[in-house]
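Participant: Pasting in a structure now, in structure tokens, and then I'll have a few things to ask.
The values are calculated or read from the model by the stated rules, or taken from the named source; none is laboratory data. What you see is a predicted model, and the numbers here were worked out from it, not measured in a lab. Every residue, glycine as well, gets a Cβ built from its backbone with ideal geometry; the counts of neighbours run over all protein chains shown.
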Amino acid sequence: MTRLLAAALLLLPVAVPCAEAPPDERAAAYQEFRRGFDAGDFAVALPSATRVVDLTRNQFGKDAPQLANPLTNLGTTYYRLKRYGEALDSYREALTLLDLAGNATDERLVRPLHGMGAALRGLTRDAEAITPFKRAVEILRNREGLYTASQLPLLKELVACHTAAGQMADANRDQQYAFTVAETAFGKDDLRMLGPLDDYAQWQEIAGQFSAARVLHARAVQLADAKLGERNIAAVPGLRGIARTYRLAYLYGETEESAQSASTLQDQLAPTMMTRVVNTPSSEGERALRNALDRLNASSEAKAAQRADVLIDLGDWYLIAGLAPRALASYRDAWQALGADAPAKLGTPQMLVYRPPPVAVSRRGYSADTHEEQEVRLRMAVQPTGEIREAIVMNTAPEREAAERAVIAALKRGLWRPGLVEANPVAVSDVEFVERVFVRRPKEK
């Protein structure tokens, strides 16, 4: 669900323009819809959203462009209910009606295009979502300029789609452009850059450029401290990011390409700080998490969930370092901080270390000309230590037997954060895992 959050932020109800003042019945239905939607009760909002569509269709006709907004609202309600197929149908119908109106740059197209892309992502059809997201970006650039900040949420979605589709060069291009847009629109030293800095840093993490990611996280901390004081909590995501890059570099190593990528970001930090960030030992990661925790403990504005997230990060740090007692102490502190929310957050094992086998699609080691992608679904049992006791393939296939064995072997070499019950680690069965692998295409006869 995390991957859909950015899309959800823009998928809000579209108000009916004043020029389309509806009859009393339609206005009443719309207000009832808004009450349910704004309260977050989307099941209650759905019948009203459907009724607004029906009343608008009856008043203006089945092909009227006035239906676009009500259909978009209906699609958004379905989306919030995770009924992505029905959401997609509503967004498509809204787009069809607007396209029939003949204005390819109509600003009303942006929200249903955004919704269509988000619904496709909800259906894990990321490659298909690229087209509507791109079209929405092009409309905004045409109407508002190449560097309009309103395109940033859409660019974020595009980066995620390209990444999921394995189109890393395209993802990198769009991410760099998004960062340039943000700096142009907000200014390099504006607090609104904290989000774009985090986005760019997390992209660098995905790309394996851990030093470059660390530079960007450090810049976010520096910016927050300069604007808000050195004990502010706006720097906490950056401090967590710094620690995460050290952890990832420890697990997967730094490459020469990573160092080169960091050197392209020299405009973000002073030379002395750049050297310190890139070359300091990984123990600075634990120090960054302790810094974040101190800030949260001292702040009256900090939420328990924020503190728990840092404690979980510390626990993960210690578990990977082989310090199980210290890890468990941090997890227990996080459990206590979360209260009633602890089982949902810590009850399910979470992967910490996993190196995909060479046949994994994420490794991009084979050509689509000779190999096809297939999905391997597994069910595992995770020990209280975080180790895998057993892993069973649920959809075995003779043609990929070797690939299935490779995935199982990779999982057993990995490490998971154990599931907790009443703050104690327990064995958890029926943990699901999916890996996409390359399988050689059969030779044509």
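Participant: For the range 382-406, name all the residues that are more than 30 Å from L323 (Cα to Cα) and small (G, A, S).
Facilitator: Answer for the range 382-406, where residues must be more than 30 Å from L323 (Cα to Cα) and small (G, A, S): A397, A402, A403.
Participant: Another question about this same structure. Can you list residue pairs whose Cβ atoms sit under 6 Å apart, with the first residue in the range 300-314 being closer than 20 Å to N424 by Cα and among the basic types (K, R) and the second being buried (at least 20 other Cβ atoms within 10 Å of the Cβ) and modelled with pLDDT of 95 or more? Count only pairs 6 or more apart in sequence or on different chains.
Facilitator: So the pair list comes out as R307/L296; R307/A337.
Participant: I'd like to verify a number: residues in the range 70-101 that are surrounded by 24 or more Cβ atoms within 10 Å (Cβ to Cβ), closer than 22 Å to N58 by Cβ and aliphatic (A, V, I, L, M), how many?
Facilitator: Residues in the range 70-101 being surrounded by 24 or more Cβ atoms within 10 Å (Cβ to Cβ), closer than 22 Å to N58 by Cβ and aliphatic (A, V, I, L, M): 3 in total.
Participant: Still on this structure, please answer the following. Residue by residue through the range 122-162, note down the ones that are over 23 Å from T77 (Cα atoms), of a type in the set (A, V, I, L, M, F, W, C) and surrounded by fewer than 19 Cβ atoms within 10 Å (Cβ to Cβ).
Facilitator: Answer for the range 122-162, where residues must be over 23 Å from T77 (Cα atoms), of a type in the set (A, V, I, L, M, F, W, C) and surrounded by fewer than 19 Cβ atoms within 10 Å (Cβ to Cβ): A127, L146, A149.
Participant: Filter the range 1-36 for residues that are at pLDDT 50 or above and under 17 Å from H114 (Cβ atoms); which is surrounded by the most Cβ atoms within 10 Å (Cβ to Cβ)? Talk me through it step by step, then tell me what you get.
Facilitator: Our first condition is that a residue be at pLDDT 50 or above; within the range 1-36, this holds for 11-14, 22-36.
Of the ones still in play, those that are also under 17 Å from H114 (Cβ atoms) are 11-14.
Numbers: L11: 24, L12: 14, P13: 20, V14: 17.
Among residues in the range 1-36 that are at pLDDT 50 or above and under 17 Å from H114 (Cβ atoms), the one surrounded by the most Cβ atoms within 10 Å (Cβ to Cβ) is L11.
Participant: Then there's this: Please verify whether R111 is among the charged types (D, E, K, R) and closer than 23 Å to D38 by Cβ, treating the condition exactly as stated.
Facilitator: Yes: the conditions hold for R111.
Participant: Any residue at all in the range 96-118 that is over 20 Å from V181 (Cβ atoms), out of contact with any Phe, Trp or Tyr (no Cβ under 9 Å at 6 or more places or on another chain) and acidic (D, E)?
Facilitator: yes
Participant: Inspect all residues belonging to the range 416-423 and state whether any of them is among the small types (G, A, S), at pLDDT 95 or above and either out of contact with any Ser or Thr (no Cβ under 9 Å at 6 or more places or on another chain) or closer than 18 Å to A381 by Cα (or both).
Facilitator: We begin by selecting, within the range 416-423, every residue among the small types (G, A, S); these are 419, 423.
Still in the running and at pLDDT 95 or above: 419, 423.
Restricting the remaining residues to those that are either out of contact with any Ser or Thr (no Cβ under 9 Å at 6 or more places or on another chain) or closer than 18 Å to A381 by Cα (or both) gives 419, 423.
Yes, the range 416-423 contains at least one residue that is among the small types (G, A, S), at pLDDT 95 or above and either out of contact with any Ser or Thr (no Cβ under 9 Å at 6 or more places or on another chain) or closer than 18 Å to A381 by Cα (or both).
Participant: Quick check on my filter: what residues within the range 178-228 are among the basic types (K, R) and surrounded by 17 or more Cβ atoms within 10 Å (Cβ to Cβ)?
Facilitator: R214, R219, listed by residue number.
Participant: Could you grab me the full set of residues in the range 102-158 that are β-branched (V, I, T) and either in a helix (DSSP H, G or I) or under 24 Å from A201 (Cβ atoms) (or both)?
Facilitator: Filtering the range 102-158 for residues β-branched (V, I, T) gives 105, 110, 124, 130-131, 137, 139, 148.
Listed by number, the residues that qualify are V110, I130, T131, V137, I139, T148.
Participant: I've got another one for you. Take the residues in the range 321-371 that are modelled with pLDDT under 95 and part of a helix (DSSP H, G or I), then tell me which one is surrounded by the most Cβ atoms within 10 Å (Cβ to Cβ).
Facilitator: Restricting to residues being modelled with pLDDT under 95 and part of a helix (DSSP H, G or I), the top hit is V361.
Participant: Conditions: (1) buried (at least 23 other Cβ atoms within 10 Å of the Cβ); (2) under 18 Å from S150 (Cβ atoms); (3) over 20 Å from the mean Cα position of the chain (by Cα). G115 meets all but one. Number of the miss?
Facilitator: For G115, the failing item is (3).
Participant: Residues that are of a type in the set (A, V, I, L, M, F, W, C), not in a helix (DSSP H, G or I) and not assigned by TED's automatic domain parsing to the domain that holds L311: does the range 159-172 have at least one?
Facilitator: First pass over the range 159-172, keeping only residues of a type in the set (A, V, I, L, M, F, W, C): 159-161, 164-165, 168-169, 171.
Then drop every residue that is not not in a helix (DSSP H, G or I), which leaves 165.
Filter again for not assigned by TED's automatic domain parsing to the domain that holds L311, leaving 165.
Yes, the conditions are met somewhere in the range 159-172.
Participant: Continuing with the same structure: Which of the numbered conditions does P65 fail, given that it passes all the others? Conditions: (1) farther than 18 Å from L158 by Cβ; (2) surrounded by fewer than 17 Cβ atoms within 10 Å (Cβ to Cβ); (3) at pLDDT below 95.
Facilitator: (2)
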